[in-house]
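Q: Encoded as structure tokens, here's the structure I'll be asking about.
The values are calculated or read from the model by the stated rules, or taken from the named source; none is laboratory data. Computed from a predicted model, the values in this text were never measured in an experiment. Reconstructed Cβ throughout: ideal geometry from the backbone, glycine too, with neighbour counts over all protein chains shown.
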Amino acid sequence: MIGPGQVPLISLVGVTKRFGTGEAAFQALKGVNLDILRGDFMAVMGPSGSGKSTTMNILGCLDVPSSGSFVFQGHHIENLGRDQRALLRRRHLGFVFQGFNLLARTSALENVELPLLYRGEDKRARHTMAMAALDKVGLAPWARHTPAELSGGQQQRVAIARAIVTEPAVLLADEPTGNLDSERSIEIMELLTDLNRNSGITVLMVTHEPEMASYARTIVHFRDGMVDRIERKAA
Amino acid sequence: MTGTSASTRLIATSALLAVRAIRRHVLRSFLTVLGIVIGVFAVVTMVTLGKGASRSVHDEVSGLGANVLTVLPGTAPGRGGGGEAPPPFKLEDVDAIRDQIGGVTAVAAQAQVSATAVFNAANWQTTVNGADNAYLDAQNWAVTAGRRFTGDEEKAGKSICLVGSTVAKNLYANQSPLGTTLRLGSISCTVVGALATRGQGGFGQDNDDAVIMPIKAVQRRLTGNREIRAIIVGADPAYDSKDIQQSIAALLRERRNIRSGKLDDFTIFDSKQIADTLASITGTLTAIVSAVAAISLLVGGIGIMNIMLVSVTERTREIGIRLAIGALGHEVMLQFLVEAVVLSCVGGLIGLVLALGASIGLSRLLDLPFVFDPLTNLTAFAFSGLIGVIFGYFPARRAASLNPIEALRHE
Ligand SMILES: Nc1ncnc2c1ncn2[C@@H]1O[C@H](COP(=O)(O)OP(=O)(O)O)[C@@H](O)[C@H]1O
Ligand SMILES: [Mg+2]
């Protein structure tokens, strides 16, 4: 379905992942092939243990494949070292987790500023950019509040603001609505859709719920450590 | 956006975070750094007092000018002896030292008795020294008002006297003592001169709390005998005072009929030796306290390492978040190192403040000059920071090497 001349943003070819060694070894991924186009909104579905998170961790450069190739923006990155992967995450990737993972006792603003600190932005730039990101997720008035003072939906929106403040190419979200009720979940999905459509961010999201997956343009089904089938919606 | 400015910002932010963390756990932080507080406090207080003591000894010795040897009957404490009290010196002994020993600038006999000095309604318990002008020469002791004794007055043993500045202050206040009649116990004397202030002696005694009369007058009218309690010898600085001491000892042994093999029944004190002894005592004390402080600092360092390991475990998820959003290993390491250093520096600072208070107080109590030494304080502070680096290194490296995926899963 990929049109001629359209180079995928990310391409996994024959990616395997093996955990442990010897008797205890476990083959979590058994040869994953996957092309992700720039600007796609992709939902990853599949039964528990089918390798969704493992794949997301590899795509997010938090982990490395045991074998196979991983091409990102035309570069082979399956053999990058720890620090090189960290730099890649810093520059091109944003993360949203199921458990929000905000720093406790730290204001929403400071949480969103955190990635900018590692990019070496000065205090003023950090403040301006973080406020803009919080504004995008509709939480500018809550900038001074700590996570404990925010609802789950608000916390996840702060986490999204933190993920997009560096204007990443790809936003990776592993079950971002797993801890939220359906109303909050829909708010989050609308936010992700908006970021995908209007900010041009490629969104990769793991979900169990077909209702959430329906927001995506592409749905990838995993089974037993392999891609089972891919659904693509007509544009 | 250069690497250095990013690290600088990271250090600044980490320091801020560290201060926040310390404020959040005030008691825990204080207990953690207690070892460092005690270590820095002990060393800085001791070194400061030591410097004060050596300054005071130095002032004392340089105030005396030439070396002063004091010869007393009896053995020095700790050298055994006992038995019969050794005989006092005779006037002939004084003459013999003056005539037969090279390198002495002045030799003076001293008879001593304590008496109550009374002038008008005021009275003051003091020491009356029977002496002569040579006594003043030997100790480089100047007369600031009035005059010294004349040779005739010394020979005749006239009832005249010189007053030390402490006595003058207590009996005369602002009035000039010259020409007044001072009662000393049952006798009286005419004050002909006032002595310069000499300050503290090596053992804390007040050198200025004294009245000086011609020795003949003291012997005849106060002590009632011809005993000489001490011989004061001024030594020429060009000579080795050890040699002079040996010559005097040999001469006195002969004059006092001490057979070879028997111990001296007199003791020679050297002002320089006293100064050296005091300095070496201070040095020894400083070494002991430094050893205690080193142990204390070690314990403090281990405390910091322990609390930082606890902190790394408590904040595993935070570390996971930082790594996931792109923090490099060495940046996480830097953050925890800065925390450890801030913690230990706070300990060092508390120690310095306590040491400042204690040294001011103790200097006053021990009557020592307070000498603030910036280098000592700076070194101690830098050392406390160094302890943070050394003992914070291992926990910081552990934080930096965490696997982000596992760290994020940590509960
Ligand atoms: N670090 C690990 N060590 C060992 N096994 C692992 C590890 N991470 C995941 N697995 C195993 O790999 C399989 C796939 O896991 P995962 O990708 O998390 O599945 P899911 O599709 O539910 O997200 C599971 O059976 C899981 O137990
Ligand atoms: Mg999963």
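Q: Any residue at all in segment B:111-129 that's closer than 15 Å to B:Ile232 by Cα and either surrounded by 22 or more Cβ atoms within 10 Å (Cβ to Cβ) or free of Cβ contacts under 8 Å to residues at least 12 places away in the same chain (or both)?
A: yes
Q: Here is a list of conditions, (1) within 14 Å of chain A (Cβ to nearest Cβ); (2) farther than 14 Å from B:Gly392 by Cβ; (3) not charged (D, E, K, R), and B:Thr286 meets all of them except one; can you say which number that is?
A: Result: B:Thr286 passes all but (1).
Q: While we're looking at this one, here's another question. Would you please name the residue that is modelled with the lowest pLDDT, looking only at residues in segment B:49-75 that are under 26 Å from B:Asp132 (Cα atoms) and small (Gly, Ala, Ser)?
A: Taking the candidates together, the pick is B:Gly65.
Q: Next question. Here are A:Ser11, A:Ser67: which of them is in contact (Cβ under 8 Å) with a residue 40 or more places away in the chain, among the small types (Gly, Ala, Ser), under 30 Å from A:Ser185 (Cα atoms) and away from ligand 1 (no atom under 13 Å from the Cβ)?
A: Working: A:Ser67 fails: under 30 Å from A:Ser185 (Cα atoms).
When all the criteria are applied, what remains is A:Ser11.
Q: Just to verify a result, which residue in segment B:312-334, among those that are surrounded by fewer than 19 Cβ atoms within 10 Å (Cβ to Cβ) and over 18 Å from A:Pro115 (Cα atoms), is farthest from the other protein chains (Cβ to nearest Cβ)?
A: Filtering first and then ranking leaves B:Thr313.
Q: Among the residues of segment A:147-182, how many are at pLDDT 95 or above and within 16 Å of ligand 1 (Cβ to nearest atom)?
A: 6
Q: What is the residue count in segment A:190-210 for residues that are of a type in the set (Gly, Ala, Ser) and over 12 Å from A:Gly94 (Cβ atoms)?
A: 1
Q: Here are the criteria: (1) at pLDDT 95 or above; (2) within 14 Å of chain A (Cβ to nearest Cβ); (3) out of contact with any strand residue (DSSP E or B) (no Cβ under 8 Å at 6 or more places or on another chain). Tell me which single one B:Phe394 does not satisfy.
A: Here B:Phe394 meets the rest and fails (2).
Q: So is A:Gly99 among the small types (Gly, Ala, Ser), outside any strand (DSSP E or B) and within 16 Å of ligand 2 (Cβ to nearest atom) or not? So that I can check it myself, show each step before the final result.
A: Working: among the small types (Gly, Ala, Ser): yes; outside any strand (DSSP E or B): yes; within 16 Å of ligand 2 (Cβ to nearest atom): yes.
Spelling it out, A:Gly99 is indeed among the small types (Gly, Ala, Ser), outside any strand (DSSP E or B) and within 16 Å of ligand 2 (Cβ to nearest atom).
Q: While we're here: Identify, from the list B:Ile360, B:Ile405, the residue that is within 16 Å of ligand 1 (Cβ to nearest atom) and either assigned by TED's automatic domain parsing to the domain that holds B:Ala18 or among the small types (Gly, Ala, Ser) (or both). Talk me through it step by step, then tell me what you get.
A: Values: B:Ile360 fails: within 16 Å of ligand 1 (Cβ to nearest atom).
Result of the check over B:Ile360, B:Ile405: B:Ile405.
Q: OK, next. Determine which member of the set A:Leu37, A:Leu88 is surrounded by fewer than 21 Cβ atoms within 10 Å (Cβ to Cβ), within 13 Å of chain B (Cβ to nearest Cβ), more than 15 Å from ligand 2 (Cβ to nearest atom) and within 16 Å of the chain's Cα centre (by Cα). Lay out the reasoning, then the answer.
A: On the way: A:Leu37 fails: within 13 Å of chain B (Cβ to nearest Cβ).
Answer to the check: A:Leu88.
Q: If I go through segment A:20-34 residue by residue, how many of them are exposed (fewer than 13 other Cβ atoms within 10 Å of the Cβ) and within 12 Å of ligand 1 (Cβ to nearest atom)?
A: Total satisfying the criteria: 5.
Q: Is there a residue being within 16 Å of ligand 2 (Cβ to nearest atom) and either of a type in the set (Asp, Glu) or in contact with a His (Cβ under 9 Å, 6 or more places away or on another chain) (or both) anywhere in segment A:179-202?
A: The answer is no, given that none of the residues of segment A:179-202 is within 16 Å of ligand 2 (Cβ to nearest atom) and either of a type in the set (Asp, Glu) or in contact with a His (Cβ under 9 Å, 6 or more places away or on another chain) (or both).
Q: When you look at B:Val338, is it within 22 Å of B:Ser296 (Cα to Cα), modelled with pLDDT under 95 and of a type in the set (A, V, I, L, M), yes or no?
A: Values: within 22 Å of B:Ser296 (Cα to Cα): yes; modelled with pLDDT under 95: yes; of a type in the set (A, V, I, L, M): yes.
Yes; evaluated as a whole, the condition is true for this residue.
Q: Return the only residue of A:Ala132, A:Ala125, A:Ala104 being of a type in the set (Gly, Ala, Ser) and facing chain B (nearest Cβ under 9 Å).
A: Of A:Ala132, A:Ala125, A:Ala104, the one residue that is of a type in the set (Gly, Ala, Ser) and facing chain B (nearest Cβ under 9 Å) is A:Ala104.
Q: For segment A:68-82, check the following and say yes or no: at least one residue is outside any strand (DSSP E or B), within 16 Å of ligand 2 (Cβ to nearest atom) and buried (at least 17 other Cβ atoms within 10 Å of the Cβ).
A: No, there is no match, as no residue in segment A:68-82 is outside any strand (DSSP E or B), within 16 Å of ligand 2 (Cβ to nearest atom) and buried (at least 17 other Cβ atoms within 10 Å of the Cβ).
Q: Output the qualifying pairs, or none if there are none: Cβ atoms under 7 angstrom, residues six or more apart or on different chains, first residue in segment A:45-58 and among the charged types (D, E, K, R), second residue within 9 Å of ligand 2 (Cβ to nearest atom).
A: So the pair list comes out as A:Lys52/A:Val206.
Q: Identify all residues within segment A:35-64 that are under 19 Å from A:Arg217 (Cβ atoms) and near ligand 1 (Cβ under 10 Å from one of its atoms); write none if there are none.
A: Kept after step one, since they are under 19 Å from A:Arg217 (Cβ atoms), are these residues of segment A:35-64: A:35-46, A:52, A:55-56, A:59.
A:Val44, A:Met45, A:Gly46, A:Lys52, A:Thr55, A:Met56, listed by residue number.
Q: For residues that are charged (D, E, K, R), assigned to a loop (DSSP other than H, G, I, E, B) and modelled with pLDDT of 95 or more, scanning just segment A:210-235, find the one that is farthest from ligand 2 (Cβ to nearest atom).
A: A:Arg217
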